[in-house]
Amino acid sequence: MATDPPKAHSIDRAPLSGPVADHVTLTYEARFLRRKKLTSDHGQSFFVDLPETTHLNAGDAFVLSDGARVSILAAAEPLLAVTGQDLTRLAWHIGNRHTPCQIEADRLLIQVDHVLADMVAKLGGTATPVTEPFTPEGGAYGHGRTMGHSHGPHDHDHGHDHDHHHHDHSHA
C-alpha cells in the first residue's frame, strides 16, 4: 500500500534548531512558495503546505510531519555578474528598479535581464553571464521579496495619525 508523501507545514529558519535528514536544492524563484510537491536531493518526495506564500532562504529547512528537517540549498542558475568602477552607483540604479540583487564586495548579482544589462553598460559597468546560486538581499519591506507578487492596496499602513500637538502661540 502506497503511503502519502510527508507534508511540511512549517519552516525552521536558520540557524536550525535540530539536525537535518536531507536537503533540497531550489532556485531563487522556487524558494518562494506556499503549496508545492518537491523531491529532495536524495529522492524523497514531500508536499509543502504552508499557511501563506513564504520566501525561503538558503539554510532554512522544511519541517516534515514526521519531524524530519529538509534543509534548503540555493541552486545554481543563470545570472548576470555586474562589475564596474562605481559599484555603489550601479547598485543604486539596480535597486531603483526594485529587482532582486545580491550585493558582494566587488560585484553585484542579478537575474538575467537585457534591459538591466543595457542600463549597466550605459553606466560604464559590465554584466557578465554566470551560473551560480542566487541569494539576494531581503528587500525594504522585510517580506524577502519586492517583486513577483502583489502588495494589495491595503497591505501598508500609510500612517493616518497626523501630528496633533497644539502649540501655544500666545505671547503672554
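The values are calculated or read from the model by the stated rules, or taken from the named source; none is laboratory data. All values derive from a computational prediction rather than experimental measurement. Counting neighbours? That spans all protein chains shown, and the Cβs are built from the backbone with ideal geometry, glycine included. For accessibility, only protein heavy atoms count, side chains too; no ligands or nucleic acids. Shrake-Rupley method; radii C 1.70, N 1.55, O 1.52, S 1.80 Å.
What size of dipole, in debye to the nearest 20, comes out for the stretch 1-71 about its Cα centre when the only charges are +1 on Lys and Arg C-beta atoms and -1 on Asp and Glu C-beta atoms? Mind dumping the intermediate values first?
Details: 8 positive and 9 negative charges, 30 e Å.
In total the dipole reaches around 140 debye.
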Worksheet item: Which lysines, on any chain, are close to residue 7 with Cα under 16 Å apart, when same-chain ones fewer than 8 places away are left out?
Response: 36, 37
Discussion item. How large a share of the accessible area of the stretch 1-137, in percent, is made up of carbon and sulfur atoms when the probe is 1.4 Å and the other protein chains stay in place?
Written reply: 52 percent
